[in-house]
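Just so you know, all these numbers are worked out from the coordinates, no wet-lab data involved. Quantities reported herein were computed from a predicted structural model and do not represent experimental measurements. Here Cβ is always computed from backbone atoms with ideal geometry, including for glycine, and neighbour counts include all displayed protein chains.
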Amino acid sequence: MSEKAISMREKMAKLRASFVEQLPGRITEAQSLLERMVVGCGDHDTVAGLHRILHNFKGTGRSFGFAELGTAAAQGEELTARMLDMPDGQPPEFWRGPLEECLDNIERVIAAIVAAGGNGREEVPDFILPDGNSDSESGHSGRVVYLCDDDTLLVEQMAVQLGCFGYEAHAFTDADALREAILVRRPDALILDINFPSGSQDGTEILSSLRRKIAPQVPAIFLSVRNDFEARLNAVQAGGQAYFNKPARVLDLVAALDNLSQQHSQESYRILIVDDEPEVAGYHGLILQEAGMAVRQISEPVRILDVLREFRPDMVLMDMYMPTCTGHQLAKVIRQVPEYIGLPIVFLSSETDKAKQFSAMRVGAEGFLTKPVAPEELVAAVAIRAERMRVLRSLMAKDSLTGLFNHTTTTRLLENAISSARRRGANLCFVMIDIDRFKSVNDRYGHPVGDQVILALSRLMQQRLRTTDIIGRYGGEEFAVILHDVSEDKAMKIIDQLREIFNRVVFRAGDVEFSCCFSAGIAGFPRHERLERLREAADQALYAAKRGGRNRVIVDKETA
């Protein structure tokens, strides 16, 4: 059987077994280092070697579900870290008792692990996904992530898990190998341990060096067993965009990587300029376009509502004085439409009278820029307000747990999709998905584990479906998917493949493993032309799948 064909569960079991196999030898090595310290050979390298072993026991042990091992090693890891900060030649006798007790505890825990055949108990509910694929219709493009940690097993484990979510992950255990790889191929993101006990540099120093020389723009995430302010501050000062304690949950890492990827390839801000002088509007438009923004200009205020619906700007730049109406009046018209209550409006005018500026802003404008405005000031003012609008719009449109579109937004997008398909004479399919017997998952394992199931399915859909498809959480364990330009038969194949993959996901709650499944109903446009009927038909097909035994996909074939 090829490596790709081996299931995720088997890969994880192999990594875990390899870790357990090394434990007796590692504790013997730790005890030998402590003996050297006791007889007066406790130089910096000896302490660093012991610190490294305890550091790995703590972080990797917890990652593999051996919580007691991680706890037993934590005290010794902290003590040796403090010893490394002591002046050279400081006698280690003060630390002898605590370290001997720590290693005795670790040895006892390891003996219990080995006696139990390497079985541990997970601290955090987690799950395992089957291998991802490179389907060209997938919404992901094989984003490359480099992981660097001196714990070989840990980086291999993380690389395997990230691969399931569409990331091409490569593991490195030293900074030199990482640098060489970056010179050959630049990654989309880095994941670094903040502490490399065996080396001369820590993760923050490695990142700072990379940023100066070969990878100035690559986003970075730090992992660490440390949770203190100093470590977090060092990570921020080195340019890290995220920080996780070991053992980090794979979903948290994927969410951070997805967010960084979206920031890196963020869609341009969309700015609407309303000015009755086309040349002035064009000048400001060019400044913003040069800064990478998408700009639309109109000189007739009467067009404002149509352009707002079509262009969906993140912000409006508006002159105060125009022939047909004032900016103050036009802003009132915009604010009458509930959808645009929060849309940022900034007046861009040569008006310098402060009283008039404040009067114009009483309609809820975000600010006032006086012409002529310096290009850098214009760009900064627009970018700040547009980004805030993006964040607020996302909060209003997205489900807080999964990041998928919420019920209201999904319904609005379905309405827009139907209108677009009607204009183009295209097909459209609407899918309703419901996790089977989800209540029993919550009742038996608790809501945090139920949330992991919901997150797993949402991530799986985001990975496997196209970026043009729309995925929403309709509520609870129910999801909705809008598939553009596909027939009902094609939609059936896509969703049924997704169902089979989800069936192979293995969830964990403590030492219990279980799987889940879902049922789905599909209805198509133009078979059902109205939104209400399309949604009702998909819902009826979903319940037919439930009545038929669950864990299946049914396509509605009824003529509207």
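Which value results when the Cα radius of gyration for region 435-560 is divided by 2.2 N^0.38 Å?
Working: Rg = 15.0 Å, N = 126, 2.2 N^0.38 = 13.8 Å.
The value comes to 1.08.
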Checklist line | Cleavage-rule hits, GluC sites (Glu not before Pro), region 521-560, DSSP coil, Cβ neighbours within 10 Å at most 12 | finding: Glu529, Glu558
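Which shape class, rounded, prolate or oblate, goes with region 377-430 when its Cα gyration tensor gives a ≥ b ≥ c as root eigenvalues, a/c under 1.5 marks rounded, and past that a/b bigger than b/c marks prolate? Spell out each step's value before the answer.
Working: a/c = 4.35, a/b = 1.71, b/c = 2.55.
Because a/c hits 1.5 or more and a/b fails to exceed b/c, region 377-430 counts as oblate.
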Next item on the list: Run the quick spin-label model on Glu513 and Gln237: label points 7 Å from Cα toward the beta carbon, then report their separation in nm to one decimal.
Entry: 4.5
Checklist line | Two-site label geometry, Asn245 and Val144: point separation in nm, points 7 Å out along Cα→Cβ | finding: 3.4
Note to self: Using the Karplus curve 6.51 cos²θ - 1.76 cosθ + 1.60 with θ = phi - 60°, what ³J(HN,Hα) values do you get for each residue of region 446-454, in whole Hz, with x for Gly and Pro?
What the structure shows: x, 5, x, 5, x, 4, 5, 5, 4
Item checked: Debye log10 I(q)/I(0) for region 270-397, one point scatterer per Cα, at q = 0.13, 0.18, 0.20 Å⁻¹ -> -0.46, -0.95, -1.21
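Between Glu35 and Ser208, what length in nm is gained on full extension when 0.36 nm per residue of separation is reduced by their alpha carbon distance?
On the way: separation 173, 0.36 × 173 = 62.28 nm, distance 3.67 nm.
Gain on extension, Glu35 to Ser208, equals 58.6 nm.
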Notebook entry, point to check: Taking 0.36 nm per residue of separation and subtracting the Cα-Cα distance, what length does fully extending Thr324 through Ile384 add?
Noted result: 18.6 nm
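Using 1/(1 + (r/R0)^6) with R0 = 41 angstrom and r between the beta carbons of Ala294 and Asp496, what's the FRET efficiency to the nearest 0.05?
Rounded to the nearest 0.05, the efficiency is 0.60.
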Margin query: Please compute the modelled spin-label separation between Leu84 and Val184, points set 7 Å along Cα→Cβ, answer in nm with one decimal.
Written below: 2.9
Next item on the list: Tell me the GluC sites (Glu not before Pro) within region 456-527 that lie in a loop according to DSSP and have at most 14 other beta-carbon atoms within 10 Å.
Entry: none
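Test of understanding: what is the full-extension gain from Glu101 to Gln75, defined as 0.36 nm times their sequence separation minus their Cα-Cα distance? Let's see the in-between values first.
Details: separation 26, 0.36 × 26 = 9.36 nm, distance 0.99 nm.
Length gained, Glu101 through Gln75: 8.4 nm.
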Margin query: Once R0 is set to 22 Å, what does the formula 1/(1 + (r/R0)^6) return for the Cβ-Cβ distance between Asp252 and Asp485, expressed as a FRET efficiency to the nearest 0.05?
Written below: 0.05
